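Bear in mind these aren't lab numbers, they're just calculated from the coordinates by the rules spelled out. What you are looking at is a predicted structure, and each value in this text was computed from that prediction instead of being measured. Ideal geometry is used to build each Cβ from the backbone, glycine not excepted, and the neighbour counts take in all protein chains shown.
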Amino acid sequence: MIERIAILGTGLLGTSAGLALRASGYRGSIVGWNRSAQAAQTALAMGALDSIAADPLQAAHESQVTVLSVPIYATLDLMEKLATVLGPEHLVTDVGSTKRLISEAGARLYNTPERAAFLPGHPMAGKERGGAELADVNLFRGAVWLFTDDPAARRSPQAAVLVKDWRDLVAAMGSKAIDLDPARHDELVAWVSHLPQFVATALSALLEEQVGNAPELKDVGGRALREMTRLGASPYSMWRDIAHTNTEPVARALQALEQRLAYLRENLRTPVLREEFEQANRFRRE
């Protein structure tokens, strides 16, 4: 049974995880750490944490499970540091949006008899903006929580118990767990998560350029414009690491969309346009 969890990174996902754990009935201790002391204080005040740690490595060492809820490169950095101070009685997991580099680092640094277990994870949940103040106790309810699980993470009986207990907590938070190969994960999320973000970013930037000096035109767009550009509010700081660590799958998805848009442009007055709408409708229905 997991009695103490360390959440390293108390932004939107980390704070929401703390809130969701409490709401699910988890009775153990939750300690949090964040580079920004204010963000950690906000998470504490919201009830997502029981205490704030001054040192992330010590917090992880004193906990059975450590959740890395920071950007991808910061996750990789913490993985390197934690690997030297944790042992087989510990489990480290993460919530990063790309998994290939993280899974490779996990296989290299963890999952041996003398070291901690590592379980790569990615909840498909979030908002266009981050921050502890936007945390939501129901953020993970009904969401898919992806794992790019390495069987070596369950090599020892201790690790197997911790992995199972953490996955049980994920289910208690209302998420459905799905296991994927890391490369397959990155390919899929490039299509279903990263492509929509970059499309919204490009569309929002284009509209700012074309009608940004005519604010009344934003009202003309109505709901359609709001829905299509909502993700355009996402900050670069949230997406830089994703673009850098999943470049090829995202580039392929963007290129495919460019070709599809050109195809639509060339068929605006042909029966092909109806076929495109019918195919799009089938995707939405399914």
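Residue 255 label point, 7 Å along Cα→Cβ, cut-off 13 Å on backbone N: hits in region 83-108? No residue passes the distance filter. Where only DSSP H runs of four or more residues are counted, the chain gives -16000 deg cm²/dmol as its mean residue ellipticity at 222 nm, each run worth -39500 (n - 2.57).
Among the listed values [x] 14.8; [y] 16.6; [z] 15.7, the one computed from these coordinates for mean projected area of the Cα convex hull in nm² is [y]. Which of rounded, prolate or oblate describes region 187-286 when judged by the alpha-carbon gyration tensor and an a/c cut-off of 1.5? Oblate. Judged by the mean number of other Cβ atoms found within 10 Å, the most tightly packed of the peptides 119-131, 93-105 leads the ranking 93-105, 119-131. The count of lysine pairs in region 81-233 whose Cα atoms are under 30 Å apart, excluding pairs fewer than 8 places apart on the same chain, comes to 10. Please work out the FRET efficiency for the pair residue 177 and residue 77, using the Cβ-Cβ distance as r and a Förster radius of 25 Å; give the result to the nearest 0.05. The value I calculate is 0.40.
Residue 278 versus residue 62, label points 7 Å from Cα toward the beta carbon: distance in nm? The answer from the label model is 6.5 nm. The charge dipole of region 184-285, taken about its Cα centre with unit charges on the Cβ atoms of Lys, Arg (+1), Asp and Glu (-1) only, comes to about 360 debye. Helices assigned as whole DSSP H runs in the chain whose Cα atoms extend at least 15 Å along their own long axis and whose mean Kyte-Doolittle hydropathy is -1.0 or higher are found at 12-23, 72-83, 157-172, 195-211, 216-229, 247-266.
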